[in-house]
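The values are calculated or read from the model by the stated rules, or taken from the named source; none is laboratory data. This one's a predicted model, so the numbers in the text were calculated from it and none came from an experiment. Note that each Cβ is placed from the backbone with ideal geometry, even for glycine, and that neighbours are counted across all protein chains shown.
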Amino acid sequence: MPKIAVPITPAVLDWAISDSGFSVEQIAEEAGVQLADLNDWLGAKSQPGVTEVRALAHALRRPVAALLLPKPPDSHSPTVGFRHTPGVAGRSLSPKERRYLRKAARLQAMLAAIGTEMGEARPRLPRLDTSGDAGAAAAQVRQALAVPNGAHPQWVSASAAFDAWRESVESLGVAVFLFQLGPESCRGFSLWNDTVPVIAVNTAWNDEARTFTLLHELGHLVARTDSACAAGEPAELSGAWDPVERWCEVFAAALLIPEEALRVAIADRLGPGVRRVVDVAQVRRLATRFRSSLRATTIRLIELGLASWELYRQLPAATDAKSAGGGGKGRDRQEVQEDSLGARTADLFRRAVEADVVTRSEALTYLDVPDSALDLFGARPA
Amino acid sequence: MALPTWVFDTSSLIIGRSLFSRDEYSAIMTRLTKPLVEGRLVFPREVVAELERYAGADKPALDWARLHQGVATASQPSFTSVRDVLAQVPEVLDPDKEGVEEADSYVLAMALELLIAGIDVRVVTEEFKTTTKKMPLGSAAGFLRIPSVSLKTMLKFEGITSF
């Protein structure tokens with residue numbers, strides 16, 4: 001049987017490869033096609049067959065039909081700054097980061113359209129300048145979150161703490177996604193939008209680190225500085241900080257660990273006479289109190305003059321790594337998606353379907369859940 | 001008046017489960033077999049793929065679509081027709097959607113091929129409302145001079161349920 005040639009548009013293929021962040025060589029390898037063939041398709045010298053075009057579409061994470069468009073779409077992947085702590089090499093966004101940014105932006109556009117049509121309240125997030133005091137900004141946001149500056153909740157686990165912080169942030173009108181970006185990718189990213197701002201948190205690290213990332217990205221939303229953020233190992237800390245990144249680190253640490261509560265914890269857990277925290281074991285005891293990462297706790301101590309940067313550099317490598325073992329709980333697709341997309345997204349879609357703002361099938365394709373799960377989506381207690 | 005050929009979109013097969021009880025919908029699917037074997041009810045393979053992803057555990061439409069896939073998708077549209085559809089209504093496609101292939105442009109291509117062959121055709125879809133930048137299937141069909149109706153309308157004219 002002769003090969004069916006698929007009439008792709010070379011300019012669209014070129015755009016899709018460029019937008020993916022992969023090189024032509026990488027896409028050829030990823031799709032399992034000959035580089036010479038791919039170059040011929042790009043140069044309109046020949047056309048791929050059905051199997052080849054499906055492999056290309058899969059590698060590019062695009063529909064096959066996208067490659068049949070007459071010209072590249074007007075919309076492009078969102079632009080965010082890649083920011084990092086000192087010691088991390090500057091780089092452009094990886095293909096995986098680009099893919100998840102595109103996924104988040106697609107969801108955000110739909111959530112914003114739904115929110116507008118349903119008359120949802122605008123996000124209750126102040127706009128603050130990063131030239132201002134990050135600690136004061138954190139206190140202001142704590143008020144918006146209705147988390148008292150003095151009393152600090154005692155969570156039974158770091159996982160419970162993350163869930164509580166996520167719920168609080170979502171209550172401000174922010175959609176919080178959890179994405180499996182992997183340890184080689186950024187810790188998280190933020191995308192501002194006047195109706196539904198978005199934070200994505202990489203699940204590659206433990207709950208304490210996720211909480212810090214969540215609040216760090218909240219800092220970027222408050223500062224309206226869309227970013228994808230990476231953090232290096234503490235021992236690698238050297239060189240100058242990106243001032244916006246530094247502001248968000250301090251903001252997140254202050255939001256997570258209020259000064260008054262920290263001073264009480266130092267007295268309770270390290271002894272009433274302790275004026276400075278000097279070793280990692282002490283940091284660990286304080287971090288347990290706040291269900292915060294060692295990094296966040298140390299940054300807060302340094303900002304308050306209670307520790308030095310030397311202590312930060314002493315923090316163990318892979319301090320934010322997840323504990324080994326455990327494994328999955330055998331969750332179904334609904335549970336996985338609900339956890340990934342968060343309560344705000346689930347709630348908005350469920351109400352939008354009820355109000356006939358979106359069709360069931362449209363909601364299913366965005367949420368990627370089976371029809372039988374849609375009515376339960378977002379309706380179960382956390 | 002002779003009844004048209006219906007080209008089904010996934011949305012109309014999905015919504016049936018919320019419009020009717022399971023038993024009613026199973027009975028409706030059984031009655032839809034008649035126009036299907038007569039060659040008056042068709043859908044592209046991408047509709048079956050979407051049903052497989054989204055129909056869920058309680059799935060009379062998917063079971064029915066799988067059972068009759070060979071007949072219903074016999075006139076699978078060519079990629080050239082899909083390209084021709086997208087040349088006119090590119091906004092019907094969401095180029096950022098990952099995962100299972102979106103059926104819309106294939107439904108339109110199938111309907112267009114039948115229309116060009118002189119067949120009286122209707123697209124059956126629930127997608128008429130514009131929410132994002134993506135053009136609803138019903139609007140795109142209208143631009144291509146292909147009439148479109150909802151499942152309830154189709155069922156009424158086939159004499160399967162009242163409107």
Checklist entry - Counting only residues that are closer than 19 Å to A:Ala175 by Cα and small (Gly, Ala, Ser), which one in segment A:120-144 is surrounded by the fewest Cβ atoms within 10 Å (Cβ to Cβ)? => result A:Ala121
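Is at least one residue of segment A:111-120 farther than 27 Å from B:Asp94 by Cα and modelled with pLDDT under 95? Steps first, please.
Step one: of segment A:111-120, the residues farther than 27 Å from B:Asp94 by Cα are none.
So far as segment A:111-120 goes, no, none of its residues is farther than 27 Å from B:Asp94 by Cα and modelled with pLDDT under 95.
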Next on the checklist: Can you tell me which of (1) assigned to a helix (DSSP H, G or I); (2) more than 24 Å from A:Leu111 (Cα to Cα) is the one B:Glu50 doesn't meet?
Outcome noted: (2)
Item to check | Test: B:Ser26 is surrounded by 14 or more Cβ atoms within 10 Å (Cβ to Cβ), more than 13 Å from chain A (Cβ to nearest Cβ) and not in a helix (DSSP H, G or I) | outcome: no
Item to check | Residues within segment B:61-91 that are within 11 Å of another protein chain (Cβ to nearest Cβ) and farther than 28 Å from B:Phe143 by Cα, tallied | outcome: 2
Next on the checklist: Residue pairs, Cβ under 8 Å, 6 or more apart or interchain, first in segment B:75-86 and touching a residue at least 12 places away in the same chain (Cβ under 8 Å), second not in a helix (DSSP H, G or I) and not charged (D, E, K, R). List them.
Outcome noted: B:Ser75/B:Val42; B:Gln76/B:Pro44; B:Pro77/B:Pro44; B:Val85/B:Leu144; B:Leu86/A:Leu69; B:Leu86/A:Pro70; B:Leu86/B:Leu93
Next on the checklist: Looking for something free of Cβ contacts under 8 Å to residues at least 60 places away in the same chain and part of a helix (DSSP H, G or I) - is there at least one such residue anywhere in segment B:128-138?
Outcome noted: yes
Checklist entry - Which one is surrounded by the most Cβ atoms within 10 Å (Cβ to Cβ), of the residues in segment A:94-119 that are in a loop (DSSP other than H, G, I, E, B) and more than 14 Å from chain B (Cβ to nearest Cβ)? => result A:Ser94
Next on the checklist: Are there helices (runs of 4 or more DSSP H) fully within segment A:266-382 with at least 1 residues that are more than 14 Å from every other protein chain (Cβ to nearest Cβ) and among the aromatic types (Phe, Trp, Tyr)? List them.
Outcome noted: A:280-290, A:309-314
Checklist entry - So which of A:Leu56, A:Leu60, A:Leu38 ends up being within 23 Å of B:Val85 (Cα to Cα), more than 12 Å from chain B (Cβ to nearest Cβ) and either crowded, with 20+ Cβ neighbours inside 10 Å or in contact with a helix residue (DSSP H, G or I) (Cβ under 8 Å, 6 or more places away or on another chain) (or both)? => result A:Leu56
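Counting residues that are under 27 Å from B:Arg31 (Cα atoms) and under 16 Å from the mean Cα position of the chain (by Cα), which helices (runs of 4 or more DSSP H) fully inside segment B:54-117 reach at least 3? Spell out the reasoning first.
On the way: elements: B:60-67, B:69-72, B:79-88, B:104-116.
Those helices (runs of 4 or more DSSP H) span B:60-67, B:69-72, B:104-116.
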Checklist entry - Looking only at residues in segment B:92-126 that are within 18 Å of A:Ile8 (Cβ to Cβ) and touching a residue at least 60 places away in the same chain (Cβ under 8 Å), which one is farthest from the other protein chains (Cβ to nearest Cβ)? => result B:Ala109
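Looking at segment B:29-44, which of the residues that are crowded, with 16+ Cβ neighbours inside 10 Å and touching a residue at least 40 places away in the same chain (Cβ under 8 Å) is nearest to the chain's Cα centre (by Cα)?
Our first condition is that a residue be crowded, with 16+ Cβ neighbours inside 10 Å; within segment B:29-44, this holds for B:29, B:32, B:35-36, B:40-44.
Still in the running and touching a residue at least 40 places away in the same chain (Cβ under 8 Å): B:32, B:35, B:42-44.
On the way: B:Leu32: 13, B:Pro35: 14, B:Val42: 8, B:Phe43: 6, B:Pro44: 8 Å.
Step by step, filter segment B:29-44, then rank; the result is B:Phe43.
Residue-by-condition table, conditions (1) within 26 Å of B:Leu86 (Cβ to Cβ); (2) among the charged types (D, E, K, R):
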{"residue": "A:Val64", "(1), (2)": "yes, no"}
{"residue": "A:Gly87", "(1), (2)": "no, no"}
{"residue": "A:Arg102", "(1), (2)": "yes, yes"}
{"residue": "A:Ala109", "(1), (2)": "yes, no"}
Checklist entry - B:Leu13 passes all but one of (1) part of a helix (DSSP H, G or I); (2) out of contact with any strand residue (DSSP E or B) (no Cβ under 8 Å at 6 or more places or on another chain); (3) away from chain A (no Cβ under 14 Å); (4) not hydroxyl-bearing (Ser, Thr, Tyr); which number fails? => result (3)
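Could you tell me whether B:Glu46 is acidic (Asp, Glu) and at pLDDT 95 or above? Quick ask: steps written out before the conclusion?
Numbers: acidic (Asp, Glu): yes; at pLDDT 95 or above: yes.
Considered against the rule, which asks whether it is acidic (Asp, Glu) and at pLDDT 95 or above, B:Glu46 comes out as yes.
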